[in-house]
Structure formats: C-alpha cells, structure tokens
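Here the structure is laid out as structure tokens; the discussion comes afterwards.
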Amino acid sequence: MTRWVVALVVTIWATAAHADEQAFRAAGELAAKADPRAIDAYEAVGAARPITRWTDDAWVEAARIAEQQRDYDRARRDLEQAIAISTDAQFLRRARGDLARLEQMTGGGEWTAVAGEHQRLVTAIAGGGDPTRELEQLEALVKANPGYPRGVAVRITLARAWETEDEVDRALRWLRDAVRLASVRTGSEVDRARIELVRMLVRHRQLDEARREVPLVTDPSMRASLVRSLAAGESWRVMRWTALALLVVLGGIAIALVRRRTGSWRAAGRRFARPPAEVIYFVPIAAVIGFIASTGNPLVAKGVIWIFAGAAIIAWVSGATLEAARRRGPIGVRHAIAHAGVVGVAVVAAVYLALDHARLLDLVAETWRTGPGH
Amino acid sequence: MRSSWVLLLVAACGSDYEPPAFTDLGGTLKIDGCGYDVTTKLGAEPPRVSKDYLGSDPTPRLVHLGFMGDPKTSMVVQWRTVDEITRNGEIRFAKGADLDAAALTEKKTGIEFGYQATGSTIYRMHQAHLCGLEPGTTYSYQIGSEGHFSPVRSFTTAPDIAANPDTEVVFGFMGDTRDGYDIWEQLATAIGQRTPNLILFSGDAVTIGLTQVEWESFFGRAEELLASVPIVFAHGNHEVNATPYFSQFAMPGDQENFGFDYGHAHITVANDTPIEVSALTGSIVDFLKADFEASKNARWKLLMHHQPMWSASNHGSNMTLQTAWQPIVDQYHLDLVLNGHEHEFEITKPLVGQNVMPSMDNATVYVVAGGGGAELYANGTDFWTQYSESTHNAALVRIRRDQMTFEAYRTDGTVIPGGFTKTKQ
C-alpha cells in the first residue's frame, strides 16, 4: 500500500514538474517577444502546486519583468514569494540581493512611484530627440521629492544631460546641488558628486572653482587624478587665451594693412565686404564636407564645422589683405611667403580654438599618443 | 638604502631561505593536483612555490579571483602584500558560506613571482591554486601568512549542468574603466548586488598596461566584488601586452585566446590587439575556428574581445575584424559578441553578415559596453543599431538552458533600453 502511495506521489510530482517546465518555457517565449503577458505566465507557474524545481525560478523571472515594467511593488512581492520557497543557497543569495536593491531604490515602498517616473524619464531623455521637456519634468520630480534615496544620482544624471544640451551653467548648478545634498547624507556620495563637479568644471575651463573643490575630495587616488586633469586644463586654458589673442592681433594687423593700402576706412570696408575668390571656392566645398561630417559623430562634426567657419573667416581676411596689396603692385616672393606663414599660424590658432570648443582636445591628444586605431 | 637592507635582514630573521635575485625571463611551474602549468612572461620571475620568508608587512591586499582550469572544480586566489617582498603565502579554506576563520580547516601553500612595471620597483604576485573542488559549491577562504591573514571571504564554483540542468548563471559584463575608477567602483558595487557568478571584462582597465598605479586602483576599488567573483579579462589595446597585465590575472591557456564552459554557456575570449598584427587574420582566426568547432554543441555561445566589429561610435566598426572574424561567428551561430573600446553603450539588431535579421534565431547580437569609467564618447546610430547611448554602464547576461537575458544599467541604477531575452528549444 505504502509503495503505491509513494509511486502515486512521485507520478503526480513528475507530471507537475513536466507541466511547470512546459509552462516556464512558454513564459520564456512570451518574454523573448516582449509580450506583456509573460509576467502573468511566470506568476502562474510560481503559484501552481505542488512546488517543483521551476517554482522559485518562475517567481524570480516574474520579478525581473515587473522591474523592467517599473512595477517595483509587484517585483518585490514576486521576490518574496521566491525567497519563501527556495532552498538553493546561491539562488537565495541572488534573490535576497535583488530584494535589498529594490528596497534601497524604493524605500519601504514610499518611493515606488518616484522610482518608476525616474526610470521612465531617464529612458525618454536618453532616447534621442529634444529632451528638454523630460529634463524639466525630471527637475520637477527631484525638487518635489527631496528625500528620494537616489537624489544624488539623479542630480548627476540631470547635470550630464544638460551639459550634452550645452546648458553648462544649469548642469553645474545641479552638480553643486548634488554635492550639497550628498554632504548631508552619506560619505561616499559626496566624493562621487564632487568628482563629477570637478571634471565638468575642468571640461569647461572653469578652473578657479575646480581648484577650490579638488582638495575637498577625500579619496587620495582620485584627488591625484583630478590634480592631473586640472593641470592639463590649465595648460589648455593658457593655450586658448594665447590662440585667441593671436587671432585678435593678426586680425587687427590685417585691418590696419587694408586701411593703409586702400587709403580710407570706407575703401577698406568695401574691400572686406566683397568676398575674395578663395572664399567663393572654399565655402561650397566646406559646406559639403561639413554636411557629411554632421551625419557622423556629433562632436567631430561640431569640430569640423567650427574649423571650416574659422578657415572661411581667415580666408576672407587673408584674401582681402592680398587684394589690397595687389592694388599697389605685384606681390613679391618674400611677401607671399610671409603672408602664407602668418595665415598658417592663424589657421593653427583657429583649429585649436575649434577643437577646444568642441571638447575634442583630449581625443586628439589620445590619438596623438596611442595612434589612430586606439 | 641602508635602512631597506636592515629591514630585509630583520624580516628574513628566523628563515634559512635566501630569495634568489630578481630575474625577468619568466618561466613555468607545474601546479600539483591541477593538471596545468603557470607560465610567466618576459619581465617577470619564474613562478615558485612560496617559502618561509616574511617581509616587514605581509598583510594581503588587492585580493581577486580567477581560474585556469575547469571553473566547476578549480579557483585561483591572487593577492599582493603591502611589503612586496614577502615570499610566504597560503590559503585556508572550507566548504560553506561566510564561515569563521577557525572553521577553515583545509590549507594549501601558494606560489609567488615578482614582476616589473615602469621603474625599478618589483611587485610580487601571490597565487593559491585550488583544484578538485565541488561544482556549484560555496567555499569560504582567507589568504596570507601566519599572523597576517585576510578577512574571510567566499566564492562559488561553476555549477555542474549535468547534475543541475535548470541552473542559471549570471555574468557581469563591462569594460574601459581607465582613469574613471570612482565610476568603476559604483558599477562594480551595483553589479555585485546582483550576485554574478563571473565577471567578464572587455579590456582597457588602465591607460597604459605598464602603469602599476592604475592597476592598484582597478583591483583596489572593486576588491569586494573581485575577491568573491572570478574575473575573465579580454586584452584591450591599452593593456599593450604588458607584463603587469599577464602577471595579475589567472586565466586559462595563454591568457590571450582561450575558451571555457560556464553553466550552459561556452565563452571564447580573444586578443584583438596582439603583438603581431598578422595574427588577427592568421593564428587567431585558426584559434577561433578550432574553439568554435570544439564547442559547437554548447547551448549558448559567447565571444568577448575588445574592439567591436560593429559600432557607430567614435572609432566605428573594426573592419579588419569584421572581415576576418565575422564569417566564423556567423558560421558557428554565436549568440552574443561582447566588446568595449567605445566609451558608451551600444547594442545591435540580430546580424548575419551585413544583414539585419528578422529574428534572433541563428543570428548574432553585438554589444559594446565600454562605459566602465573612462571619459565618455558620443554614441552614434546606423542601420544595425538596436539602441545606443553615451553613458557609463555595466551589463548582466543571465543564462539558463533554454533562455538568455541581456540587460544593461546606468550608474544611477536605471535600466538602459535595448535589453533582450532569447530562447532556444
């Protein structure tokens, strides 16, 4: 009799396990198609009895889909179900880790809605197109929920996104706010926010504030790394002002020369108003190359467009200066060489400024050091 | 100078062992009970069994795990000491999670070797090779020398899928941390919370592979994770085939091109910046063909290397690799190719050759997750792009017998779009 009962129990269990396996696989097929019914299908396997080796796995898979759907309360409930029935140590460690992570994210459930909206907005911001509306919504969310556990992280996200939109002041305001918030919370987040702030300040050559912030970074190796970045940033800044001063001086000299060669300011103005032949040739070619560049890497495109804009202005000023010189007789070889040399210097200065403006200097420096493939 | 000699003499007091002078010719040591050899490269000493020789501060640091044999039954624990001259090291271990130090009843003597990076400093690597372990089992361990042991930590061996066919394995995946170690620390903590079995790292941990100070940051900031989960590393262009790179990781084969099974997955790792560039279209192609052929019956097939065959970001697609390697990837129907190099996140649609496929069946998805900490690049899109984003990131690959799930995360914990689930009958 006992033998028959055991055989019956084993048969029932084996049948249930087989059915669960089929249902688990069917749920997996739905998940692979991103079908929203997948979560219900997994939960059905989890709820089916008797418990089989698929039961705890099904609850965990359901929890993962719930988290993807930003239904964090459901994810927590599903994980609790998995933890309640599993006996596998590795599985339990993983499920408990996921539950702890969700609780860290949503508190005791009071931040579930905020966390969901946070995920939705960040996805929308990163998804392409103009993110201004979503960024403003995220700002409003952060302001309305000062106690949100991921408040520092979301401020850093906001800062990075505004920087991408070229709203540098707004980006820096959020990072300063992240440092302020982190200072009243835990220790590790303060450094995290401050490091982000220093990096952004260096990127935008706001070095005085960066210099004040670096000593406040407590992590010695990160502090050393930031000191190196700051030193590099200071060199870039000196070079930027040098390049700018050089262009202003050369431009002034060109205007003075044209004025002298044409005899009056009015004539000089007319000379500058007329595009020289080299500009007429150069601009259409530059426009085509600029358009092609704009279809690729946006940073490189920005650099290319700024280089061409600078080159067009230099070609215009150079052409006007040469035209004015030609009115007084043929140009000698020495004059031509000197002119070409000065234009070359101006081009180098303009290219430097364009690369600096497009934040491509680090990339160019790295390519210089390690080769084009790197 | 004199004081360091005095320190050495004091330290060596009580030991008859006189360490040999540093030689940088590399060498080989057979590891008893493991069936494999440890080979060090030019620039490092030959590996030796640890001796009774203590320096001024033998405290272990930068503990991290790897494996050179079958990950079901073996593990390598690696560490350095504060003083860098201690030659003594052993592991104490026992089956079970989070045990007390007193419960670690089994012992094994370690091995050690010195290596040079930039400058004349000699760094000393210690390794303890554990073989004959039980599959899918958690062990507690501590390493060090008498009076100077590390805290007790735990690791888990790879599961035996023959005994446990429905088991799930989870791989953390990331790359390109160089000079962004604060972000690497955040990502490592976030991935650690998800309890992975293994970390797959697609290269460029440091700016230059010879710079030891960056390696210290790489290992130090993720020690909590790397001392509990083994790491498998694909050589990146910034590692520059340097001795410190080869000295600090324990991986199968030649540590450049190798394959291994983990759960229901077969993972192939390749070096796409070898010393001899001709190897990319020669010996590495031969290796890939042989490894893919040997593992053609694996349920899930993954390839990890550094430079992407498909990318719309800064460097673009590596056409040499696309021409030489992708036909083999297509021939053997690899499921997933994992890359870094581009400091962003990028995932392709399912591809075969130059064609986007309507379904994932017999097609390959290429992922770039090179946002481990380095300064970000702008992302791009092209006809093959499923999703791309300029963000720091780390990813998880979850593998069951019939199902693989890929998901990536930003530093703030939000999920990056483009994740997928693929199933097989």
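The values are calculated or read from the model by the stated rules, or taken from the named source; none is laboratory data. All values derive from a computational prediction rather than experimental measurement. Reconstructed Cβ throughout: ideal geometry from the backbone, glycine too, with neighbour counts over all protein chains shown.
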Qualifying residue in segment A:126-140 (condition: at the interface with another protein chain (Cβ under 10 Å from one of its Cβ atoms) and buried (at least 16 other Cβ atoms within 10 Å of the Cβ)): yes
In segment B:120-145, anything touching a residue at least 24 places away in the same chain (Cβ under 8 Å) and part of a loop (DSSP other than H, G, I, E, B) is listed as B:121, B:131, B:132, B:133, B:134, B:135, B:136, B:137
List the number of the failed condition for residue A:91; all other conditions in (1) within 14 Å of chain B (Cβ to nearest Cβ); (2) surrounded by fewer than 16 Cβ atoms within 10 Å (Cβ to Cβ) hold. (2)
So residue A:110, is it in a loop (DSSP other than H, G, I, E, B) and more than 11 Å from chain B (Cβ to nearest Cβ): yes
Check B:366, B:377 and return the single one that is under 30 Å from residue A:295 (Cα atoms), crowded, with 21+ Cβ neighbours inside 10 Å and at pLDDT below 95. B:377
Before we move on, is residue A:242 of a type in the set (S, T, N, Q) and under 19 Å from residue A:318 (Cα atoms)? no
Assuming residue A:35 fulfils every condition listed in (1) in contact (Cβ under 8 Å) with a residue 12 or more places away in the chain; (2) within 13 Å of chain B (Cβ to nearest Cβ) apart from one, which condition is it? (1)
The one condition in (1) outside any strand (DSSP E or B); (2) modelled with pLDDT of 95 or more; (3) polar (S, T, N, Q) that residue B:386 fails to fulfil: (1)
Report yes if residue B:402 is over 28 Å from residue B:285 (Cα atoms), modelled with pLDDT under 95 and among the charged types (D, E, K, R), otherwise no. yes
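Every residue, every condition in (1) loosely packed, with under 12 Cβ neighbours inside 10 Å; (2) at pLDDT 90 or above; (3) over 22 Å from residue B:312 (Cα atoms), yes or no:
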position	(1), (2), (3)
A:288	yes, yes, no
A:292	yes, no, no
A:297	no, no, no
A:300	no, no, no
A:308	no, yes, yes
A:313	no, yes, yes
Among residues of segment B:203-243, those that are of a type in the set (A, V, I, L, M) and within 18 Å of residue B:375 (Cα to Cα), counted: 3
For segment B:62-76, does any single residue satisfy the condition of being of a type in the set (D, E, K, R) and part of a strand (DSSP E or B)? no
If we scan segment A:149-169, do we find a residue that is over 22 Å from residue A:114 (Cα atoms) and aliphatic (A, V, I, L, M)? yes
Does segment B:264-282 contain at least one residue that is part of a loop (DSSP other than H, G, I, E, B), within 30 Å of residue A:293 (Cβ to Cβ), within 19 Å of the chain's Cα centre (by Cα) and not polar (S, T, N, Q)? yes
Anything in segment B:343-381 that is free of Cβ contacts under 8 Å to residues at least 60 places away in the same chain and assigned to a loop (DSSP other than H, G, I, E, B)? List them, or say none. B:344, B:349, B:350, B:353, B:354, B:357, B:358, B:359, B:361, B:362, B:363, B:376
So is residue B:289 among the charged types (D, E, K, R), over 20 Å from residue B:176 (Cβ atoms) and either in contact with an Asp or Glu (Cβ under 8 Å, 6 or more places away or on another chain) or outside any helix (DSSP H, G or I) (or both) or not? no
Are any residues in segment B:259-282 free of Cβ contacts under 8 Å to residues at least 12 places away in the same chain and more than 14 Å from chain A (Cβ to nearest Cβ), and if so, which ones? B:276, B:278, B:279, B:282
Quick one: in segment B:371-425, of everything that is within 9 Å of another protein chain (Cβ to nearest Cβ) and touching a Pro at 6+ places or on another chain (Cβ under 6 Å), which residue is farthest from residue B:161 (Cα to Cα)? B:378
Condition set in contact with a helix residue (DSSP H, G or I) (Cβ under 6 Å, 6 or more places away or on another chain) and closer than 11 Å to residue A:48 by Cβ, scope segment A:11-33, selection surrounded by the fewest Cβ atoms within 10 Å (Cβ to Cβ): answer is A:23
Residue check, residue A:172 against (1) farther than 17 Å from residue A:134 by Cβ; (2) touching a Ser or Thr at 6+ places or on another chain (Cβ under 8 Å); (3) not acidic (Asp, Glu), all met but one. Which one? (2)
Consider residue A:197 carefully, then state whether it is under 20 Å from residue A:355 (Cα atoms), assigned to a helix (DSSP H, G or I) and within 14 Å of another protein chain (Cβ to nearest Cβ). no
Looking at segment B:155-177, is at least one residue more than 10 Å from chain A (Cβ to nearest Cβ), closer than 17 Å to residue B:391 by Cα, among the β-branched types (Val, Ile, Thr) and under 16 Å from the mean Cα position of the chain (by Cα)? yes
Go through segment A:47-88 and give me each residue that's under 36 Å from the mean Cα position of the chain (by Cα), among the basic types (Lys, Arg) and within 8 Å of another protein chain (Cβ to nearest Cβ). A:64
Give segment A:50-82 a look and list any residue that's surrounded by fewer than 17 Cβ atoms within 10 Å (Cβ to Cβ) and in contact (Cβ under 8 Å) with a residue 24 or more places away in the chain, or say none. A:50, A:51, A:53, A:69, A:73
Return the total of residues in segment A:306-346 being among the hydrophobic types (A, V, I, L, M, F, W, C) and either touching a strand residue (DSSP E or B) at 6+ places or on another chain (Cβ under 7 Å) or not in a helix (DSSP H, G or I) (or both). 1
Within segment B:180-239, how many residues turn out to be out of contact with any strand residue (DSSP E or B) (no Cβ under 7 Å at 6 or more places or on another chain), within 11 Å of chain A (Cβ to nearest Cβ), outside any helix (DSSP H, G or I) and buried (at least 24 other Cβ atoms within 10 Å of the Cβ)? 3
